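Q: Structure in structure tokens, see below.
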């Protein structure tokens, strides 16, 4: 497929890897946005809002003559109606993993594509079931530092796979950039 050249508004190396896997030509920009969760904000609304905000803020960094679209994404882990974003320290990571232990949770990744005068978005919702984790397993995993800067405090593509019993949905969506949905958005460029 021939995807358009884009900007990726993300610091995530995983998102870069997935775009390269798709054969997308892109440059990285780093918009700075507040990713705080609003009071009573629903998880789907949260990831959609943040992805759109990143894409729009990234678009605002470009010169008016630059017509390339800006792709952004946001991922949240949701367990028992609680949004787990990136842990700020080891204590938060431990708490998150205890919440995930022995349960099925959702991983929601929203993607947004900002063009000159419009923004399109899609959301990938996936289920992940963790095995019961012992305290020593949680401490070991947190000490690996793999979950730093990752929603829910873990990386599905890394050592956390040792604790994952079942996945239903998009593996790439759980990693942070759902390939199918990303391809759908990028192909809308041909329709314009």
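All of the numbers you see were taken from the coordinates with simple rules; none came from a lab. Keep in mind that what you see is a predicted model, and the values were worked out from it rather than measured. A quick note on method: Cβ atoms are made from the backbone with ideal geometry, for glycine too, and the neighbour counts reach across all protein chains shown.
Q: Of 129, 14, how do they rank once you tally other Cβ atoms within 10 Å and put the fewest first?
A: With the fewest neighbours first, 129, 14 line up as 129, 14.
Q: When only Cα pairs under 8 Å and 6 or more residues apart are kept, what is the percent relative contact order across segment 56-192?
A: 27 percent
Q: For a footprinting-style exposure proxy, rank 141, 171 by other Cβ within 10 Å, fewest first.
A: By the 10 Å Cβ count, ascending: 171, 141.
Q: Sticking with this one: If you rank 85, 128 by fewest surrounding Cβ atoms within 10 Å, what's the result?
A: 85, 128
Q: A further question follows. How big is D for segment 1-108, in µm² s⁻¹ as a whole number, if Stokes-Einstein is applied with the Kirkwood radius of its Cα pairs at 10 °C and 1.306 mPa s?
A: The diffusion coefficient I find is 102 µm²/s.
Q: Further question on the same structure: For a quick check, take a GNM of the chain with Cα springs below 10 Å and name the residue from 170, 48, 118 with the largest mean-square fluctuation.
A: In this elastic network of the chain, the residue with the biggest mean-square fluctuation among 170, 48, 118 is 118.
Q: Which value, to two decimals, describes the C-alpha radius of gyration of segment 67-126 once divided by 2.2 N^0.38 Å?
A: Normalised by 2.2 N^0.38 Å, the Cα Rg of segment 67-126 equals 1.46.
Q: Given segment 85-192 reduced to its alpha-carbon atoms as identical point scatterers, what log10 I(q)/I(0) does the Debye formula return at q = 0.10 Å⁻¹?
A: Calculated log10 I(q)/I(0) at the listed q: -0.34.
Q: Hey, with R₀ at 22 Å, roughly what FRET efficiency would residue 5 and residue 35 work out to, going by the Cβ-Cβ distance, to 0.05?
A: 0.25
Q: Between residue 91 and residue 159, what is 0.36 nm times their sequence separation minus the Cα-Cα distance? Round to one decimal in nm.
A: 22.6 nm
Q: Here is a follow-up. Per DSSP H run of n ≥ 4, the term is -39500 (n - 2.57); total these for the chain, divide by its residue number, and report the mean residue ellipticity at 222 nm rounded to 500 deg cm²/dmol.
A: About -10000 deg cm²/dmol.
Q: Taking each pair of distinct Cα atoms in segment 45-87 once, what is the resulting Kirkwood hydrodynamic radius in Å?
A: 11.9 Å
Q: When the Kirkwood hydrodynamic radius is evaluated over all pairs of different C-alpha atoms of the chain, what value in angstrom, to one decimal, is obtained?
A: Over the chain, the inverse of the mean reciprocal pair distance is 17.0 Å.
Q: Cα axis of helix 90-100 to longest principal axis of the chain: angle in degrees, 0 to 90, nearest 10?
A: Rounded to the nearest ten degrees, it is 80.
Q: Can you grab the distance from the C-alpha centre of segment 4-22 to the C-alpha centre of segment 81-133, Å, no decimals?
A: Value for the Cα centre distance between the two parts: 19 Å.
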